[in-house]
Amino acid sequence: MRWIGSETFWLTRLIYQRGLALILLAAFLNAAFEFKPLLGEHGLLPVPLFTMAVPFAATPSLFFFAPTDTAFTVAAWLGVLLACVALTGFADRYANWLSMLVWALLWILYISFVNVGQTFYAFGWESILLEATFYAIFLGSRRTPPQTIGIWLLRWLLFRLMFGAGLIKMRGDPCWRDLTCLNYHYETQPMPGPLSWFFHWAPAWFHTSGVIFNHFSELVVPFLYFLPQPIAAIAGVITIAFQGLIFAGGNLAWLNALTMVLALSTFDDRFLSRIFRIRIPAAARHAPAHRVATVGLGILVAFLSIQPIRNMLSPGQVMNTDYNRFHLVGTYGAFGSITRPRYEVIVEGTNDTGPAASTEWREYEIWGKPGDLGRMPPQIAPYHLRLGWLMWFAALSSWEDESWFAPFMQKLLEGDRAVLSLLRSNPFPDHPPRYVRALIYEYHFTSPAERAATGKWWTRKLTGQYFPPIMWRRGPLPPS
């Protein structure tokens, strides 16, 4: 058994930074393709209006100085470039300050998107990614040995993510305590994947054992991250296996991939050298300034951890919360409650002169969401389809509670190309419809017998109207 302080982490740092860079690449590509339609100057929730209403000090972002589509585009593609630099290890080959600068710029650019992203960037994994990237700044390059404190900060982040998720489940939906949550989860999760139907119809023992494995992985295993090797590495392997199963069962953006990358921090060089045949650099001295900066970071994180610890110990635990404007040392967790059954908002349009019983309505399809009953749920993760996720939340509330929904409907009436680019299909390719509306359906997976007979993945029944029929007009939409 190798006790704390006897490990080295050259390969740990290398593999962690490459994995994190890959996720950042996906995040910045997402910003390049989706930020302008959702949040650009003419988006659903325009950033220029946000920066006029909210002070810079409350949510710092470079876009307060230039809330323009040009700035959004330049920042997104610069982020893509820097992520590629980090992914290839180019900056690692040179001075320590250059590696730190690359990671610092990645953090500054991404927090600039998150802090003006409003509801479209209000996901827990945005803060997890920012915190993980901030710690990467202090890991250094191959010219300096990785400091143990930096690795332990990653393990502390992993612990809060996993243990917080376990606690919120035990305090939340009773199905986590009676071991039945997975009877529903694969069908009702925000964005099912290609294997979700098969997981849903797995035997009862599969679902029960899955919940037990969930509780073990989230409530027991996290404490092993801080024990000597090989116990810490075994805990990391269990975490990666657990996250891999979740990844296979659905599309949770980059949450599972990022958690697996964080779990790499539980490995040391002796463990990783059995997998990656990469030469570990010869011993080098710590740069004094780097050591001081890392120790200072450790002290800061210890102070900022007081509130997350209180939250985890509190019976009124909240699931995802940031305690500061920089998204450092937050509280994390997922799926404290499981929806039953699944509801979907289906948006339709028509070219008829007015809504009537005989009106022919045609459906829009949104990437990643159930719509066409015969289409297999796609594999999207680790990419993040923000509109699809928000449509899932919209089905759990009314459209008046979703500030982006009425602008979205009006963009469809206007035939806005940017917003239409976010859709899987546009039933009005030549000109916009005269009217649009939204209905709400209850969706269920077909049974094995139904699927064998029809080839369909879903069944559905209409439950009501979600958004009333409207025609194009200038200005804001009136309340229904």
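Couple of notes before you dig in:
- Among the protein heavy atoms of region 256-381, carbon and sulfur supply 60% of the accessible surface, probe 1.4 Å, non-protein parts ignored.
- The distance from the alpha carbon centre of region 129-171 to that of region 320-363 is 31 Å, rounded to a whole number.
- Rounded Å value of the spacing that divides the Cα centres of region 64-90 and region 409-432: 27 Å
- Added length on full extension, which subtracts the Cα-Cα distance from 0.36 nm per residue, residue 379 to residue 351: 6.8 nm
- Once the Cα atoms are used to define both axes, helix 10-39 deviates from the longest principal axis of the chain by about 20 degrees.
- Helical mean residue ellipticity (222 nm; -39500 (n - 2.57) per DSSP H run of 4+; nearest 500) of the chain: -14500 deg cm²/dmol
- No Cys partner within the rule (Cβ under 4.7 Å), the chain: 84
- Estimated D of region 330-437 in µm² per second, where Rh is the Kirkwood radius over Cα pairs and Stokes-Einstein applies at 20 °C, 1.002 mPa s: 138 µm²/s
- Spin-label pair residue 58-residue 453: with each label point 7 Å from Cα along the Cα-Cβ axis, the two points sit 5.6 nm from one another.
- Counting only protein heavy atoms and a 1.4 Å probe, the chain has 42 square angstrom of accessible area per residue.
- Here region 438-456 and region 366-384 have alpha carbon centers that stand 15 Å from each other.
- Projected-area mean, the chain, by convex hull of Cα positions, square nanometres: 24.8 nm²
- Judged by the mean number of other Cβ atoms found within 10 Å, the most tightly packed of the peptides 342-352, 10-20 leads the ranking 10-20, 342-352.
- Förster radius 22 Å - calculated FRET efficiency between residue 362 and residue 421 (Cβ-Cβ, nearest 0.05): 0.75
- In order through region 138-143: 3J(HN,Hα) via Karplus (6.51 cos²θ - 1.76 cosθ + 1.60), integer Hz, x for Gly, Pro: 9, 6, x, 9, 5, 7
The values are calculated or read from the model by the stated rules, or taken from the named source; none is laboratory data. Because the structure is predicted, anything quoted here is derived from the model rather than measured. Here the Cβ is made from the backbone with ideal geometry for all residues, glycine too, and neighbour counts use every protein chain on show. Areas reflect the complete protein model, heavy atoms only, side chains present, ligands, DNA and RNA absent. Shrake-Rupley method; radii C 1.70, N 1.55, O 1.52, S 1.80 Å.
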